[in-house]
Amino acid sequence: MVDRAEKKLLAAGESLADYGNKVHTEWLDVTDYDAFRSFIARVEEKEPIDYIFDNAGVGWGGFFGAETIDNIRKVLDVNLYGVIHGVKAALPYMLKR
């Protein structure tokens, strides 16, 4: 499991403690493609990746017209490119198998 919200990530990992070493948490900014590729490579070294739940997402509350372009870009970077980065990083390993 990866996330940029470290406290929430650690809490989620702790909630799955009954699964032992099958759950791994790591801080990751999914908008950073090189970091995502590096993360996937590290995971793949330990255990082959058979599937990926690539569902990063952020949002905002309120009126769209009041949102800044920077906030809209952040949402698109995480929600769209975060998913694209994960698929592009994991797919080559999965296709080999």
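Each reported figure results from applying straightforward, stated rules to the coordinates on display, with no laboratory input. No experiment lies behind these values; they were computed from the predicted model shown. Here Cβ is always computed from backbone atoms with ideal geometry, including for glycine, and neighbour counts include all displayed protein chains.
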- Taking the Cα centre of region 27-97 as origin, work out the dipole magnitude from +1 charges on Lys and Arg Cβ and -1 charges on Asp and Glu Cβ, in debye rounded to 20. 200
- Query: Quick one: which of 46/74; 46/96; 22/96 span more than 27 angstrom between C-alpha atoms?
  - Reply: 46/74
- Would you pull out the residues with amide H under 5 Å of residue 28's amide H, same chain only if 5 or more places away, H placed 1.01 Å from N? 3, 4
- Proximal charge balance of residue 67 [Cβ under 11 Å; K/R count +1, D/E count -1]: +1
- Note on the structure: Across 87, 30, 43, the residue with the highest GNM fluctuation in the chain (Cα network, 10 Å cutoff) is 43
- Write out the chymotrypsin sites (Phe, Trp or Tyr not before Pro) in region 44-97 meeting two conditions: DSSP loop, and at most 11 other Cβ atoms within 10 Å of their Cβ. 51, 53, 63
- Message: Given the -39500 (n - 2.57) contribution per DSSP H run of 4+ residues, what per-residue ellipticity at 222 nm results for the chain, rounded to the nearest 500 deg cm²/dmol?
- Response: -15000 deg cm²/dmol
- Query: When only C-alpha pairs under 8 Å and at least 6 residues apart count, what is the relative contact order of region 2-96, in percent?
  - Reply: 33
- Message: Among the complete DSSP H segments of the chain, which ones combine at least 18 Å of alpha-carbon extent along their axis with a mean Kyte-Doolittle hydropathy of 0.5 or more?
- Response: 82-96
- Given (1) 15.2, 47; (2) 16.0, 47; (3) 13.7, 39 as candidate values of Rg and Dmax of the Cα atoms in Å, which corresponds to the one derived from the coordinates? (1)
